[in-house]
Amino acid sequence: MKSKTCQSCGMPMAKDEDFGTEKDGSKSKEYCTYCYQKGIFTEQDVTIDEMAKKGGAVMSHMFEIPMENAVKFSKEQLSCLERWAGRAILFCESCGMPMKKDEDFGREKDGSKSRKYCIFCYQNGAFTEPDLTKEEAVLKYAPMMARHLNMPLEKAKLMVGSYLSTLGRWQE
Ligand SMILES: [Zn+2]
């Protein structure tokens, strides 16, 4: 089953119990069980900075990222989610880049915009690196991540690996 990302905290939601609930008890399509219950946010007044602090602390601990960098990164990620952006921003289903502007999107053969992939991953209706495996993608992105966040490469590989697993291209 394809996992979705909570549009409030960014947690991947795969199992039924990961999802929040609407007023009528049905499953929320957007938000996770920690953020959203019976049609309302569990923490209605929480700010993006508070959320980034919490998320950053977890990331910092798990992946040995300096706290300041982890909080900043966490805020960048959160700012692309519907709760904080005010609109749904699509992420590239191959590399995870948020596609905010028209020129960020890849292109189909007929020149129309791809709904799924970014311009770096997908051009003229095909992947720019069609044979790339998930393992190769991890090796490609992890060093950038390690440099960007000043974290150990081994931890960056774990982080990138688990992130890529949530993206369409790398699921089964
Ligand atoms: Zn991409």
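The values are calculated or read from the model by the stated rules, or taken from the named source; none is laboratory data. Fair warning: this is a prediction, and the values are worked out from it, not measured in the lab. Note: ideal-geometry Cβ built from the backbone for every residue, glycine included; neighbour counts use all protein chains shown.
I'm trying to understand the selection: among the residues of region 99-127, which are touching a residue at least 24 places away in the same chain (Cβ under 8 Å) and either over 19 Å from residue 171 (Cβ atoms) or near the ligand (Cβ under 8 Å from one of its atoms) (or both)?
117, 118, 120, 121, 122
Which one of these does residue 96 not meet: (1) in contact (Cβ under 8 Å) with a residue 24 or more places away in the chain; (2) more than 13 Å from the ligand (Cβ to nearest atom); (3) small (Gly, Ala, Ser)?
(2)
Kindly establish whether residue 169 is in contact (Cβ under 8 Å) with a residue 12 or more places away in the chain, within 19 Å of the chain's Cα centre (by Cα) and closer than 30 Å to residue 41 by Cα.
Against the criterion (in contact (Cβ under 8 Å) with a residue 12 or more places away in the chain, within 19 Å of the chain's Cα centre (by Cα) and closer than 30 Å to residue 41 by Cα), residue 169 does not qualify.
So which of 136, 154, 68 ends up being modelled with pLDDT of 95 or more, under 29 Å from residue 36 (Cα atoms) and either acidic (Asp, Glu) or part of a strand (DSSP E or B) (or both)?
It is 68.
Going through 83, 87, 115 one at a time, which residue ends up being surrounded by fewer than 16 Cβ atoms within 10 Å (Cβ to Cβ), among the basic types (Lys, Arg) and not in a loop (DSSP other than H, G, I, E, B)?
Only one candidate qualifies: 115.
Evaluate the following for residue 127: is it within 17 Å of the chain's Cα centre (by Cα), over 28 Å from residue 59 (Cα atoms), surrounded by 13 or more Cβ atoms within 10 Å (Cβ to Cβ) and at pLDDT 95 or above?
no
Among the candidates 135, 154, single out the residue that is away from the ligand (no atom under 15 Å from the Cβ), closer than 16 Å to residue 59 by Cβ, surrounded by fewer than 18 Cβ atoms within 10 Å (Cβ to Cβ) and charged (D, E, K, R).
Answer to the check: 154.
Could you please let me know if residue 82 is outside the structural domain of residue 30 (by TED's automatic domain parsing), within 13 Å of the ligand (Cβ to nearest atom) and of a type in the set (Asp, Glu)?
no
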